[in-house]
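Here the structure comes first, spelled out in structure tokens, and everything after it is commentary.
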Amino acid sequence: MSEFANQFYPSLEELKNRWLRAFAGAMSRRGATANVLPGSEADFKANATSQQAVVAFANNKISQKNWSPLTSTGQQLLDLCQAFGVEPRDAGAAAGQVYIRVAGSGTVSIPADFVCVADDGTKYKTTTVNLGVADGALVEVIAIDGGKASNKPEGTLLRWEDASIASLKRECEVAEGGLVGGRDADTEEVMRSRLLSTISTTEDGYNWAQVKVWAEEANAAVTAWVYCGILGPSSVGVAIARADGDRELDDVIVQQVAAYIAGKLPGRARLNVTSVNATPTNICLSAELPATIAAGGAGGGWFDIRPWPNATTGVVSVASYDSGTKVITTSETGGTTGIAVGTRIAIWDSTEGNEKFFHYTVTEVTSTSPISFKVQGGPAKDHTGAQISADAANLDSYGATVLKAMLKLGPGEKSSSYWVLPRALRKPSVSSGNPASVNSKLKAEITNAHKEVSDLEFVSVSIETPAVPAATSDPPNILTLGTLSFIASTA
């Protein structure tokens, strides 16, 4: 049978049986009885005919798979994408700023395309001429070859390849924000996603869908949203973001995308291309999970018989940390909230590229007003400002699911003016793709992925919907994950 709706692909036996039934029926209508038993002449003819026909059906089935945007792979997928004007993008290059080092109190001038290299061999070049820059000045660089490997965190040391500039020290240091925006070339799944987007919204006549495609063609790191007429008639606004971290892209990539779109839009009155403005939101969720086996439950949920924090405490945060005594002081007061020696907790770390839960076991409760405690081995880092979770068997997976869901969000609107809207509403719209707000859809992501979560409710979301920027020319705000916690739904 067929896996395609409304289509039937019979097997060899089905074909043969249909042939024999048709033959026997035709003979019966003529008043004759046909011999269709195994080994008969009719049986041999049916077998031979069916063997030829089943090949044709099989080839048609393969062809359907090859030319369906949902199932095609390899070269067939690329050919299908090309037919709709979707071309694979090369790897995206990371960009950002570096601190230069200059000997003495003088200045140096650094030309454009001056090359520096990281320890792993990744090369970067300056994007513009930098005249008269002193020690500690910031210089913009972009990777020569794209890919995720070109992303580098703040503090990474690079080395200038050319030593010809007097007084310029050979080492420079990646500045705050890191080198970001590096992305590998489009995979099959990325190509499929772009193809489906193109099919669902036709790009034609300089419409918003075509502008979105152009923005994403310019750099593989880019996901784009369009705000038609945001700055008046014949204007177009474009916001671009990356798929990880704080979602923000460096000005070099913004300028690259703007130049590419401008080349496609001759005579456009005004083009406004920006990145996005990251707005971290802190989320606390109360979860109903299986109780421990010791408490008569099925296990696979909370680690403790009486999890802490819980519904009685509500949100609990780390107020301070004493690195000398290793004492964690919280925002919670009161001695009857359930924390004790042996209580297992977890704290979310929102460091970009290292987002995860750190897991701890309480070894001493040093105070109950406010609640302060020590953990086994001491905390791995200072978690001041982070929320505390009750620990559970699958807590790491819950955190990864929330992070993935947050990275699916798109930016908010750029205007709330009735004179500008609805023409300038974000495209794709918040209802059709990449919602902008933290809502029940995020809860559904968790409960759908983790069947042991029988109930889930928001306890606190510090920012549910991104604010409208001060000016329509400013970058739109996009929600990112700040601190995260899960607490028990019962005390």
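What is the residue count in the range 167-199 for residues that are of a type outside the set (Asp, Glu) and in contact with a strand residue (DSSP E or B) (Cβ under 8 Å, 6 or more places away or on another chain)?
Within the range 167-199, residues that are of a type outside the set (Asp, Glu) and in contact with a strand residue (DSSP E or B) (Cβ under 8 Å, 6 or more places away or on another chain) number 14.
Tally up the residues in the range 246-292 that are in contact with a strand residue (DSSP E or B) (Cβ under 6 Å, 6 or more places away or on another chain), part of a loop (DSSP other than H, G, I, E, B), in contact (Cβ under 8 Å) with a residue 60 or more places away in the chain and surrounded by fewer than 18 Cβ atoms within 10 Å (Cβ to Cβ), please.
Qualifying residue count, the range 246-292: 0.
With in the same structural domain as Ser397 (by TED's automatic domain parsing) and more than 30 Å from Pro233 (Cβ to Cβ) as the only criterion, which of Val453, Val468 stands out? Please lay out each step first, then the result.
On the way: Val468 fails: more than 30 Å from Pro233 (Cβ to Cβ).
Of the residues listed, the single one that is in the same structural domain as Ser397 (by TED's automatic domain parsing) and more than 30 Å from Pro233 (Cβ to Cβ) is Val453.
Of the numbered conditions (1) over 26 Å from the mean Cα position of the chain (by Cα); (2) closer than 24 Å to Ser275 by Cβ; (3) acidic (Asp, Glu), Asp145 fails exactly one; give the number of that condition.
It is condition (1) that Asp145 fails.
Can we say Ala220 is closer than 30 Å to Ala400 by Cβ, in a strand (DSSP E or B) and touching a strand residue (DSSP E or B) at 6+ places or on another chain (Cβ under 9 Å)?
Working: closer than 30 Å to Ala400 by Cβ: yes; in a strand (DSSP E or B): no; touching a strand residue (DSSP E or B) at 6+ places or on another chain (Cβ under 9 Å): yes.
Spelling it out, it is not the case that Ala220 is closer than 30 Å to Ala400 by Cβ, in a strand (DSSP E or B) and touching a strand residue (DSSP E or B) at 6+ places or on another chain (Cβ under 9 Å).
Mind checking which residues of the range 438-491 are farther than 24 Å from Asn310 by Cβ, crowded, with 19+ Cβ neighbours inside 10 Å and either among the β-branched types (Val, Ile, Thr) or in contact with a Gly (Cβ under 6 Å, 6 or more places away or on another chain) (or both)?
Hits for the range 438-491 are Pro466, Thr472, Pro476, Asn477, Ile478, Thr480.
When the residues of the range 304-328 are narrowed to those that are touching a Phe, Trp or Tyr at 6+ places or on another chain (Cβ under 9 Å) and within 15 Å of Gln376 (Cα to Cα), which ends up surrounded by the fewest Cβ atoms within 10 Å (Cβ to Cβ)?
Val327
Report yes if Leu425 is more than 19 Å from the chain's Cα centre (by Cα), within 20 Å of Pro475 (Cβ to Cβ), surrounded by fewer than 22 Cβ atoms within 10 Å (Cβ to Cβ) and not basic (Lys, Arg), otherwise no.
On the way: more than 19 Å from the chain's Cα centre (by Cα): yes; within 20 Å of Pro475 (Cβ to Cβ): yes; surrounded by fewer than 22 Cβ atoms within 10 Å (Cβ to Cβ): yes; not basic (Lys, Arg): yes.
For Leu425, the condition - more than 19 Å from the chain's Cα centre (by Cα), within 20 Å of Pro475 (Cβ to Cβ), surrounded by fewer than 22 Cβ atoms within 10 Å (Cβ to Cβ) and not basic (Lys, Arg) - is met.
Among (1) closer than 30 Å to His450 by Cα; (2) at pLDDT below 90, where does Gly335 come up short?
(1) is the only condition that Gly335 fails.
Look at Pro370 and say whether it is over 30 Å from the mean Cα position of the chain (by Cα) and buried (at least 22 other Cβ atoms within 10 Å of the Cβ). First the steps, then the outcome.
Values: over 30 Å from the mean Cα position of the chain (by Cα): yes; buried (at least 22 other Cβ atoms within 10 Å of the Cβ): no.
For Pro370, the condition - over 30 Å from the mean Cα position of the chain (by Cα) and buried (at least 22 other Cβ atoms within 10 Å of the Cβ) - is not met.
The values are calculated or read from the model by the stated rules, or taken from the named source; none is laboratory data. What you see is a predicted model, and the numbers here were worked out from it, not measured in a lab. Reconstructed Cβ throughout: ideal geometry from the backbone, glycine too, with neighbour counts over all protein chains shown.
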